[in-house]
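Below is one structure, written out as structure tokens; the observations come after it.
The values are calculated or read from the model by the stated rules, or taken from the named source; none is laboratory data. Everything numeric here is computed off the predicted structure, so don't read it as measured data. When we count neighbours, we look across all protein chains shown, and the Cβ atoms used for this are built from the backbone with ideal geometry, even at glycine. Areas reflect the complete protein model, heavy atoms only, side chains present, ligands, DNA and RNA absent. Shrake-Rupley method; radii C 1.70, N 1.55, O 1.52, S 1.80 Å.
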Amino acid sequence: MSGVTSINLVENALLVSIQDDVTDTEIVALQETLSNRIAKERVKGVILDISSLEIVDTFVGRVIAQLAGISRLLAAETYVVGMRPAVAVTLVELGMYLPDIRTALSLTHALSQLRRA
Amino acid sequence: MPDPEGTSGRAAIAEITLATSRDVVAARQAVARILKERGLSVMRITRFVTAVSEIARNAIVHGGGGQISIYLDTRKEYLRVECRDEGPGIEDVTLAMTEGYTTAGGLGRGLGGAKRLSHGFEVRSAPGKGTTVSMSVKL
């Protein structure tokens, strides 16, 4: 796992910041690292901060959807925060609606939802 | 290959070799930088760069690596990105462009999606002859 993606414990959630120059190999490695940490730290949520991502293509979109699926099986909810408007428009054009993912406009919003969970 | 954007015979303004997933990042960053310099809107940059990312990855995953060349037409109205690989090629290009069609276990949205996100889009391929994808965006 390279240093381009960080995972930090914030309250009862793991905050994952994905950097724009993340490669396919690294984001796949993130799945494994993250699933181990969810189980070990027994968090209620995973917050994926994608505000650095200038684009999300079908591969990265699929990995994000899988991350949400894995988290759910490990009893944690996934929130995606910081999606850029142009990224949202492009994902919908690609037919990727990411139905199982909760989105929040900010980290504060995601954390407040997790506190109520 | 037809050349509606008038870039044939022009020298590429940038070339990127595609071998690893790191090179896909380099390719999309190079295209994004050129489009930003040309003053395109964030929305149009995002759409086209996403298309480039899909096609560059295809060249690595299906084509065993490849080469990207970036061209500007004479009147500087279009940016054209050509992605070539020497892989097994596509037997039926029309079928491969169909929504939901996949050979690699993906969602089958890559090729058709990339077409939708580009102004001009062309695939030239034959079994054993590799694949060349040409995509362009209006500046």
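List the relative contact order of chain A as a percent without decimals, with contacts defined as Cα pairs under 8 Å and 6+ residues apart.
Working: 173 pairs, mean separation 30.3, N = 117.
Normalised by residue count, the contact order of chain A is 26 percent.
With +1 assigned to the C-beta of every Lys and Arg and -1 to the C-beta of every Asp and Glu, and no other charges, what is the dipole magnitude of chain B about the Cα centre in debye, to the nearest 20? Present the calculation step by step, with values, prior to reporting the outcome.
On the way: 19 positive and 15 negative charges, 117 e Å.
The calculated dipole for chain B is roughly 560 debye.
Counting only Cα atoms, I'd like the Rg/Rh figure for segment A:20-69, Kirkwood definition for Rh.
Values: Rg = 11.3 Å, Rh = 11.7 Å.
So for segment A:20-69, dividing Rg by the Kirkwood Rh gives 0.97.
Largest first, please: the extent of the C-alpha atoms of segment B:12-138 along each principal axis, to the nearest Å.
Result, largest extent first: 37, 26, 26 Å.
Please compute the modelled spin-label separation between B:Leu95 and A:Lys40, points set 7 Å along Cα→Cβ, answer in nm with one decimal.
4.7
May I ask what percent, to the nearest 5, of DSSP beta bridges between residues of segment A:6-116 are antiparallel?
On the way: 5 of 18 bridges.
So the antiparallel bridges in segment A:6-116 amount to around 30 percent.
What helices does chain A hold that run 15 Å or longer along their axis, going by alpha-carbon atoms, with a Kyte-Doolittle average of 0.5 or more, using DSSP H for the helix calls?
Values: long enough: A:24-41 (25 Å, -0.40); A:58-73 (23 Å, 1.04).
Span-like helices in chain A: A:58-73.
Using the eigenvalues of the Cα gyration tensor, what equivalent ellipsoid semi-axes result for chain A when each is taken as the square root of five times the eigenvalue, whole Å, largest first? Mind dumping the intermediate values first?
On the way: eigenvalues 83, 54, 34 Å².
Each semi-axis is the square root of five times an eigenvalue, giving 20, 16, 13 Å.
Quote the relative contact order of chain B in percent (integer), defining contacts as alpha-carbon pairs under 8 Å separated by 6+ residues.
Working: 266 pairs, mean separation 36.7, N = 139.
Dividing the mean separation by the residue count of chain B yields 26 percent.
Select from A:Thr103, A:Thr25, A:Thr58 the residue whose mean-square fluctuation is largest in a Gaussian network model of chain A (Cα-Cα springs shorter than 10 Å).
Taking springs between Cα atoms under 10 Å, the residue moving most is A:Thr25.
What angle, in degrees between 0 and 90 and rounded to the nearest 10, separates the Cα long axis of helix B:21-37 from the longest principal axis of the Cα atoms of chain B?
30
How much accessible surface area, in Å² rounded to 10, belongs to the heavy atoms of B:His119 with a 1.4 Å probe?
Accessible area of B:His119: about 110 Å².
Tell me the Kirkwood hydrodynamic radius of the protein assembly as shown in angstroms, computed as one over the mean inverse distance between distinct C-alpha pairs. Spell out each step's value before the answer.
Numbers: mean 1/r = 0.0524 Å⁻¹.
Evaluated on the protein assembly as shown, it is 19.1 Å.
Translational diffusion coefficient, Stokes-Einstein: compute it for segment B:40-103 using the Kirkwood radius over C-alpha pairs as Rh, at 37 °C and 0.692 mPa s, and state it as an integer in µm² s⁻¹. Intermediate values should be presented prior to the final figure.
Values: Rh = 13.5 Å.
It comes out at roughly 244 µm²/s.
What is the angle, in °, between the Cα long axis of helix B:42-61 and the longest principal axis of the Cα atoms in chain B? Nearest 10 is fine, range 0 to 90.
With both axes taken from Cα atoms, the answer is about 40 degrees.
Just counting partner chain Cβ atoms within 10 Å, what average do the residues of peptide B:50-57 show around their Cβ? It would help to have the intermediate numbers written out before the result.
Details: counts 13, 4, 2, 7, 5, 1, 1, 5.
The shielding value for this peptide is 5.
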